[in-house]
1. Which of 162, 126, 117 comes first, and how do the rest follow, when ranked by fewest Cβ neighbours within 10 Å?
2. Taking the chain as a Gaussian network, where each spring joins two C-alpha atoms under 10 Å apart, which residue of 158, 53, 34 fluctuates the most?
3. Based on C-alpha coordinates, I'd like the Rg and Dmax of the stretch 40-92, in Å.
4. Which residue fluctuates the most in the chain, going by a Gaussian network model with Cα springs under 10 Å, if the choices are 72, 26, 61?
5. Dividing the alpha-carbon radius of gyration of the stretch 1-155 by 2.2 N^0.38 Å (N being the number of residues), what value is obtained?
6. Checking the a/c ratio against 1.5 first, then a/b against b/c, what shape does the Cα gyration tensor give for the stretch 64-178?
7. If we count other beta carbons within 10 Å of each Cβ, what is the order of 38, 108, fewest first?
8. What is the chain's relative contact order, in percent, from Cα pairs under 8 angstrom and six or more apart in sequence?
């Protein structure tokens, strides 16, 4: 399936979420914003950021959220089998100018649907302890704290979370209109 053929989702505020290449200039700018934000919060050894080339691998699905033609946010799902089979959520980030509009919810719904449709029953993530909004979002979506997974090691600045996904009937969030 090409990016043009990929299913799209929209949320109530006219935001559409679709699969895009992380190499697009607008995506690279958003990733650079995310990198700067994370570098301001955490030392390099506590930042577990995926590069653009890592986000282009076949086991990674990268999504962009658009307000009109402007990229407002992004997120990715990386399917791994190093600690059981699971999908790791990476690079969830919304531009400051677009926060508070439900964009992160729309991106998460699309990522979870992608994983469920792929038969992946567990979504995991690592986030930092200095991001209370992100932690609150994940908890509201049903993510629960857990021990480090995969290649992660304990880090006092990291919080590890997971959520079981229903693969028998993929999630269809209210923000999803296929």
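1. 117, 126, 162
2. 53
3. Cα-based Rg and Dmax for the stretch 40-92 come out at 13.1, 39 Å.
4. Of 72, 26, 61, the Gaussian network model singles out 26 as fluctuating most.
5. Numbers: Rg = 14.7 Å, N = 155, 2.2 N^0.38 = 15.0 Å.
Normalised by 2.2 N^0.38 Å, the Cα Rg of the stretch 1-155 equals 0.98.
6. Here the stretch 64-178 falls in the oblate category.
7. Listing 38, 108 from fewest to most nearby Cβ atoms yields 38, 108.
8. Value for the chain: 23 percent.
A short reminder: the numbers here are calculations on the coordinates, not readings from a lab. Just so you know, these numbers come straight off a predicted model, no measurement behind them. FYI the Cβ positions are ideal-geometry reconstructions off the backbone, even for glycines, and counts take in every protein chain you see.
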